[in-house]
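A quick write-up on the structure given underneath.
The values are calculated or read from the model by the stated rules, or taken from the named source; none is laboratory data. In this text, all values refer to a predicted model and were calculated from it rather than measured experimentally. Glycine gets a Cβ as well: all are built from the backbone with ideal geometry, and neighbour counts include every protein chain shown. Surface areas here come from the heavy atoms of the whole protein model, side chains and all, with no ligands, DNA or RNA. Shrake-Rupley method; radii C 1.70, N 1.55, O 1.52, S 1.80 Å.
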Amino acid sequence: MSVSGDEFDLAVIGGGICGLAHALAGVRRGLRVVVIERDARANGASIRNFGFVTVTGQQRGRCWQRAMRSRQVWAEVAAAAGIRIEHAGLAVAVRRPEAAAVLEAFRTTEMGEGCELLSPLEAGRRFPMLRTDHLQAVLASPHDLRVESRIAVPALAKWLAEVHGVTFLYQTLAREVAPPDIDTTRGPVRARLCVVCPGDDFLSLYPERISAYDLVRCKLHMLRVASASAPRFNAAVMSDLGLVRYLGYAELPEAAALKQRLESEQGEHLANGVHLIAVQSEDGSLVVGDSHHYDATPDPFGPEAVDKLIMDEFRQVLAWPTPVIRERWIGTYSSASDRLMLIDRPSQTVRLVMITSGTGASTSFAIAEEVIDELTSGSRAA
């Protein structure tokens with residue numbers, strides 16, 4: 001598609017969920033939008049994750065509030081774009097009294113509003129996919145959603161193009177950004193505003209600005225697990241290990257005792273950044289993960305030992321007969337030790353937006369609304 005002579009209000013560079021969220025925020029404000037994506041389709045972290053729109057457990061304050069807003073937008077978009085919600089809600093199933101204490105403390109915060117703390121007997125009735133033989137308690141949250149990310153992200157892009165008139169330039173590299181001129185491998189694109197969403201590409205645009213944030217990449221292991229006689233899920237599932245990783249729980253004082261016990265009992269899991277998330281697909285299979293390893297350039301290999309740690313936790317938590325691993329893959333995303341996301345301002349008309357915590361599906365829609373509101377306000381002022 002040629003864009004010679006076209007004039008856009010907003011150019012979004014990057015066609016993953018962060019970029020698509022900014023395109024949506026733009027069209028909802030009446031802007032004419034073009035999305036510039038270097039690959040033939042979204043192929044990075046946005047489609048390699050759980051499709052889990054995680055609210056419960058996000059860091060208290062701004063991140064949790066953004067997740068709540070993004071969940072609302074996901075529900076709106078899914079209904080409009082024909083994106084299937086695979087299941088809603090979250091069951092955090094824990095086996096240790098120290099973990100139950102964390103859930104009790106979480107339940108009393110504003111983040112726990114609408115959540116229930118269930119006994120093992122109640123949990124077994126509500127969530128038949130859980131093992132109950134060593135269960136201490138289950139936090140049941142209604143807030144979280146699950147979509148099939150490898151289907152939902154392309155469907156969102158198609159809907160933005162067909163219903164909202166967003167122009168997509170795939171297999172197009174943006175080489176320089178200086179609104180209203182954007183130099184690309186397909187020729188010049190003109191747009192008065194620009195948002196750059198580079199994912200974990202630290203070098204193509206604004207490398208000197210990105211380097212100031214001391215980012216690395218996080219590599220994670222993902223699995224698809226099937227069974228001939230699998231129960232249906234009515235919520236996503238997490239476990240004790242997630243309570244020392246997700247900051248909404250981990251920053252509570254009660255989490256210190258749990259972390260100490262986990263270091264003694266599951267130190268290898270913690271050393272490999274392993275915690276459990278299990279979500280179900282329409283065909284009954286599960287997407288299961290994950291692990292976390294950090295490096296400037298993570299290796300592309302997936303050691304079986306790490307997958308065994310993930311499946312060890314899986315078997316402790318889920319009543320899932322004879323699980324068979326059908327698919328394995330690795331994802332990477334940008335990561336920072338001191339922030340969950342960043343908004344950098346190279347100029348009055350350009351924003352550089354990066355999710356640095358693996359929470360893109362959970363927070364991008366809200367972040368995009370903030371960025372576009374700020375950009376358009378600044379543009380009007382100018």
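At a 1.4 Å probe radius, which order do 38, 29 fall into by accessible area, largest first?
Final ranking, largest accessible area leading: 38, 29.
Provide 355, 36 ordered by accessible surface of protein heavy atoms (probe 1.4 Å), highest first.
355, 36
Counting alpha carbon pairs within less than 8 Å and at least 6 residues apart, what relative contact order, in whole percent, applies to the chain?
For the chain, the relative contact order is 26 percent.
Taking every DSSP beta bridge that has both residues in the chain, what percent is antiparallel when rounded to the nearest 5?
That works out to approximately 70 percent antiparallel.
For segment 36-148, with only Lys/Arg (+1) and Asp/Glu (-1) charged at the beta-carbon, what is the dipole magnitude about the Cα centre, in debye rounded to 20?
220 debye
Among all the lysines, which ones have a C-alpha under 30 Å from residue 308's C-alpha, if same-chain residues fewer than 8 places away are not counted?
219, 259
For helix 255-265, report the angle its Cα long axis makes with the longest principal axis of the Cα atoms of the chain; keep it between 0 and 90° and round to the nearest 10°.
70 degrees
Taking the solvent-accessible surface of protein heavy atoms with a 1.4 Å probe, what is the per residue accessible area of segment 4-52 in Å²?
Accessible surface, normalised per residue, equals 34 Å².
Using a 1.4 Å probe on the protein heavy atoms, what percent of the accessible area of segment 103-181 belongs to carbon and sulfur?
49 percent
With the cut-off at 1.5 for a/c, could you classify segment 1-58 from its C-alpha gyration tensor as rounded, prolate or oblate?
Here segment 1-58 falls in the oblate category.
Taking the chain as a Gaussian network, where each spring joins two C-alpha atoms under 10 Å apart, which residue of 103, 215, 139 fluctuates the most?
Comparing 103, 215, 139 in the GNM, the peak value goes to 215.
Taking only Cα atoms and a 10 Å spring cutoff, compute GNM fluctuations for the chain and point out the largest among 359, 167, 185.
Taking springs between Cα atoms under 10 Å, the residue moving most is 185.
How large is ³J(HN,Hα) for each residue in segment 39-54, as worked out from phi by the Karplus curve 6.51 cos²θ - 1.76 cosθ + 1.60 (θ = phi - 60°), to whole Hz, x for Gly and Pro?
3J(HN,Hα) across segment 39-54, in whole Hz: 9, 6, 6, 4, 9, x, 4, 5, 10, 9, 9, 7, x, 9, 7, 8.
What is the magnitude of the charge dipole of the chain about its Cα centre, with +1 placed on the Cβ of each Lys and Arg, -1 on the Cβ of each Asp and Glu, and no other charges, expressed in debye to the nearest 20?
That gives the chain a dipole magnitude of about 600 debye.
Any idea what angle helix 62-81 forms with the longest principal axis of the chain, computed on alpha-carbon atoms, 0 to 90 degrees, nearest 10?
The answer is roughly 80 degrees.
How many angstrom lie between the Cα centre of segment 151-168 and the Cα centre of segment 324-357?
A separation of 22 Å, based on Cα centres.
Which residues' amide hydrogens lie under 5 Å from the amide hydrogen of residue 341, considering only partners 5 or more residues apart or on another chain, with H built in the peptide plane?
356
Highest GNM mean-square fluctuation, the chain, Cα pairs closer than 10 Å: which of 242, 187, 199?
So, out of 242, 187, 199, the one fluctuating most is 187.
What size of dipole, in debye to the nearest 20, comes out for segment 183-254 about its Cα centre when the only charges are +1 on Lys and Arg C-beta atoms and -1 on Asp and Glu C-beta atoms?
460 debye
From the helices alone, meaning DSSP H stretches of at least four residues, give me the mean residue ellipticity at 222 nm for the chain, per-run term -39500 (n - 2.57), in deg cm²/dmol to the nearest 500.
-10000 deg cm²/dmol
Using Cα atoms only, what is the angle between the long axis of helix 97-107 and the major principal axis of the chain, expressed in degrees (0 to 90) to the nearest 10?
Compared with the principal axis, the helix lies near 50 degrees.
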